[in-house]
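The values are calculated or read from the model by the stated rules, or taken from the named source; none is laboratory data. A quick note: this is a predicted structure, and the numbers were derived from the prediction, not measured. FYI the Cβ positions are ideal-geometry reconstructions off the backbone, even for glycines, and counts take in every protein chain you see. We work out accessible area using only protein heavy atoms, side chains counted, and drop any ligands, DNA or RNA first. Shrake-Rupley method; radii C 1.70, N 1.55, O 1.52, S 1.80 Å.
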Amino acid sequence: MGKILVTGGLGYIGSHTVVALHESGYSVLIVDDLSNSERTVLQGLEKIIGFTPEFIELDLRDKAAVKNIFDQHSFDGVIHFAASKAVGESVENPLLYYENNINALVYVLQNCVAHGVHNFIFSSSCTVYGEPDYLPIDESAPIKRALSPYGNTKQIAEEILHDLCKVSDLRTILLRYFNPIGAHDSALIGELPKGVPQNLVPFITQTAAGLREQLSVFGDDYPTADGSCIRDYIHVMDLAEAHVVALDRLVKKAQQEPVEVFNLGTGQGNSVLEVIKTFEEATSVTLPYKIVGRREGDVIAVYADTKKATQVLGWSTQRDLATSLSSAWAWEKRIRGL
Ligand code: UD1
């Protein structure tokens, strides 16, 4: 089995994917700038996989340093997680987002081409669909104008990869994530948001742990059954395992087109109020919450049509919402010593 460069490999999805890659026999080199992750993630990984994975602290905006990595190692593929992902921050500081999410991608790709690395997996997002015209949403749905620089970087990155794969030997799988939640079964790795969590599930678990007074539900006047927004919450280990299946497909040269796109979701939409209820039932913790106004930029409802991933990748999710939420809670309890 080959060696895979995992950029952003100490981040939330990256670290879980490192575990899944190890389980499938791949070796990894993790690079991460620690801007939104902690070195201690390595200890969690070590406990799970039995050794400390190879890690280099590196800012991918450093073009020379990126070249150096490719000069010194030989990779069978790259999984590119490294990116900034806070929507609000991207509005405040767009150039940081274009530099981190676009410049860095270009440097990595230049080296893939120069060093004959043919297999590339990119972390895209269902945010590229904007407010969908139909549900569940499949991969052929139109890309809508991005509402934030963050969303725009995902669209531009997809275009860069399409352009490059037309004129090079690079083959790419674009994985469009829906809403990843939960943690590894061991609770040794999980989501580590810096500051006040912007995403629903870490806010829920921090509220349950007593770090936050109460959860604000952003709007109950949407045109949905209970008035709150609907998303497709996927267990991060299901998501991680999809990366391995996608990588196997690239390595086996089984691709039909130079760029393939897959939705990674469960196919099931759940409202914010359903998530709260499921969390309470699964954990027996009562969650204080209040309904507040809508959050700017939120789409009403989005969930995946997963047919393509099921049929082409032979992958489907194995863990339900209650399992995902319980695992997020187990992780929160462990890091808070509860
Ligand atoms: C958000 C980003 C998306 C990004 C993804 C991953 C926005 C508008 N979208 O997705 O582009 O790819 O994170 O980082 O920021 N909610 C509450 N209270 C909270 C937090 C969230 O009610 O305290 C609600 C939201 O209104 C939404 C749902 O929970 O309906 C999920 O929110 P969140 O976890 O932030 O994910 P997205 O907004 O779907």
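Remarks
- For the stretch 190-325, the spread of Cα positions along the three principal axes, ordered from largest to smallest, is 51, 31, 27 Å.
- In this structure the amide hydrogen of N119, modeled in the peptide plane, comes within under 5 Å of the amide hydrogens of V78, R171, none closer than 5 places in sequence on its chain.
- Restricting the stretch 250-338 to GluC sites (Glu not before Pro) in coil, as DSSP defines it, with at most 12 other Cβ within 10 Å: E296
- The value given for the stretch 84-190 is a Kirkwood hydrodynamic radius of 15.3 Å, derived from the mean inverse Cα-Cα separation.
- Rg/Rg_globular for the chain, with Rg_globular taken as 2.2 N^0.38 Å and Rg from C-alpha atoms: 0.95
- Among V261, V292, V201, the largest mean-square fluctuation in a Gaussian network model of the chain, built with springs joining Cα atoms closer than 10 Å, belongs to V292.
- Across the stretch 156-252, counting alpha-carbon atoms alone, Rg and Dmax equal 18.2, 54 Å.
- Based on C-alpha pairs under 8 angstrom that are at least 6 apart in sequence, the stretch 50-196 has a relative contact order of 26 percent.
- Here the scattering of the stretch 271-338 is modelled by Debye summation over its C-alpha atoms, one equal scatterer each and no solvent; at q = 0.12, 0.13, 0.14 Å⁻¹ the log10 of I(q)/I(0) is -0.51, -0.59, -0.67.
- Contact order normalised by residue count of the stretch 267-335, Cα under 8 Å, 6+ apart, percent: 46 percent
- Long-range amide H partners of L188 with built H, under 5 Å: none
- Taking only the C-alpha atoms of the stretch 31-86, the Rg (one decimal) and the largest Cα-Cα distance, Dmax (whole number), read 12.6, 33 Å.
- In this entry, the stretch 1-141 is assigned a mean projected area of 9.8 nm², taken as a quarter of its C-alpha convex hull surface.
- Among the listed pairs K144/K253; K63/K308; K3/K144; K166/K194; K194/K277, a Cα-Cα separation exceeding 29 Å is found for K144/K253; K63/K308; K3/K144; K166/K194.
- Principal-axis analysis of the Cα atoms of the chain puts helix 104-114 at an angle of about 30° to the longest axis.
- Equivalent-ellipsoid semi-axes of the stretch 243-284, from the Cα gyration tensor, Å, largest first: 37, 12, 5
- Angle in degrees between helix 236-251 and the longest Cα principal axis of the chain, rounded to the nearest 10: 20 degrees
- Selection among A141, P202, I291 by position relative to the dipole of the chain gives P202 as farthest towards the positive end (Cβ unit charges, Cα centre).
- Residue-normalised accessible area of the chain, given per residue in Å² at a 1.4 Å probe: 43 Å²
- For the chain, relative contact order (Cα pairs under 8 Å, six or more residues apart, normalised by length) works out to 19 percent.
- Convex hull (Cα only) mean projected area of the stretch 110-149, reported in nm² to one decimal: 4.3 nm²
- For the stretch 134-173, convex hull of alpha carbons as volume per residue, Å³: 90 Å³
- Among beta bridges that DSSP assigns inside the chain, antiparallel share in %, nearest 5: 5 percent
- Angle of helix 63-72 to the longest C-alpha principal axis of the chain, folded into 0 to 90 degrees and rounded to 10: 60°.
- Note on T306: accessible area is roughly 30 Å² with a 1.4 Å probe, heavy atoms of protein only.
- Calculated SAXS-style log₁₀ I(q)/I(0) at q = 0.15, 0.30, 0.32 Å⁻¹ - the stretch 76-124, Debye, Cα scatterers: -0.44, -1.11, -1.19
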